[in-house]
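Worksheet: one structure, shown below.
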Amino acid sequence: MGLPWPFALRRTPAAAQAPGQAGSGCSRALFGQPLAALCGEDNTLPRPIQELLAVLHQEGPTTEGIFRRAAGGTELRQLREALDRGTEVDVGSQPALLLAVILKEFLRSIPTKLLVIDLYEDWMAAMERASKQAKVEELKAVADKLPVANLLLLKRLMALLQHIGHNAATSRMSCSNLAICIGPNLEGNMPCKHTLRHDTFTGAKGEALSDAEPVLSADVRLTRGRKRSQRRLLLLHKELVVAKLR
């Protein structure tokens with residue numbers, strides 16, 4: 001049964017500009033796979049993702065609410081299934097809003113996440129640096145610990161978000177807005193050991209709570225710890241969007 005849009009691959013100008021495209025098509029499912037397994041032997045991103053990034057680089061700055069607005073459920077499901085089957089998709093003919101949602105789903109499906117869950121403490125330590133310059137340099141150092149495929153996609157993604165953010169007058173998406181919309185797809189759910197911190201059991205100045213003070217339930221402490229962790233992650237995402245990782 002045919003899909004409701006043309007799927008014959010046509011080389012659009014935007015897609016043709018994607019570097020390393022030749023020979024990097026996917027021969028396996030696209031979603032839910034380790035990123036390194038999807039990349040070519042020369043560490044090129046899978047062709048559908050290269051084409052998608054290229055189209056978003058071209059269309060994203062003039063698409064209002066890109067990465068914030070939702071896409072139609074049926075169209076999203078059909079396009080995702082086609083890409084996952086390895087169908088030759090004319091990415092350039094798809095709406096930018098739909099491609100943005102597909103990209104977020106792809107990022108969310110990476111098993112160990114783009115920022116790599118095991119590097120969480122390193123990312124957070126970088127955010128503790130006092131000066132802006134020191135913070136950026138430390139973020140670059142942590143980024144260099146990423147697998148080659150993850151670092152490649154992270155650089156391409158951040159360049160795209162910076163490009164859209166610099167055109168916020170037309171996209172209506174500032175770098176902060178983009179970080180809010182994209183960030184949760186980069187790191188997934190961090191382990192609980194990172195969200196329930198020691199300071200949730202202490203007073204404002206770090207002293208232990210006395211018996212006379214109300215004791216918060218474990219659920220409340222955990223919730224507060226998660227919210228604190230989420231705030232720190234949001235700051236990390238904002239820093240990554242504006243940082244020059246190249």
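Greater than 21 Å separation of Cα atoms is the criterion. Which listed pairs, LYS155/LYS238; LYS104/LYS155; LYS104/LYS145, meet it? With Cα atoms farther than 21 Å apart: LYS104/LYS145. If you plug the beta carbon distance of ASN43 and SER131 into 1/(1 + (r/R0)^6) with R0 = 25 Å, you get a FRET efficiency near 0.15. Once neighbouring chains are kept in place and the probe is 1.4 Å, which whole percent of the accessible area of the stretch 104-164 is contributed by carbon and sulfur? So the carbon and sulfur contribution to the accessible surface is 52 percent. Reported to the nearest whole Å, the Cα centre-to-centre distance from the stretch 35-75 to the stretch 112-177 is 17.
Across the stretch 168-184, rounded Karplus estimates of 3J(HN,Hα) from the backbone phi angles (6.51 cos²θ - 1.76 cosθ + 1.60, θ = phi - 60°) give 5, 4, 9, 7, 6, 10, 6, 4, 5, 4, 5, 4, 5, 7, 8, x, x Hz, Gly and Pro being marked x.
Here, the stretch 58-194 is characterised by an Rg to Rh ratio of 0.99, where Rg is the alpha-carbon radius of gyration and Rh the Kirkwood radius. Each residue of the stretch 133-138 is assigned a 3J(HN,Hα), and the resulting list reads 5, 5, 5, 5, 5, 5 Hz, derived from the Karplus form 6.51 cos²θ - 1.76 cosθ + 1.60 (θ = phi - 60°), x at Gly and Pro. Relative contact order of the stretch 25-85: 46 percent, from C-alpha pairs under 8 Å at least 6 residues apart in sequence.
The values are calculated or read from the model by the stated rules, or taken from the named source; none is laboratory data. Please read these numbers as outputs of a predicted model, since none were measured by experiment. Cβ sites come from the backbone with ideal geometry, for glycine too, and all protein chains shown count toward neighbours. Keep in mind that these areas ignore ligands, DNA and RNA; they rest on the heavy atoms of the full protein, side chains included. Shrake-Rupley method; radii C 1.70, N 1.55, O 1.52, S 1.80 Å.
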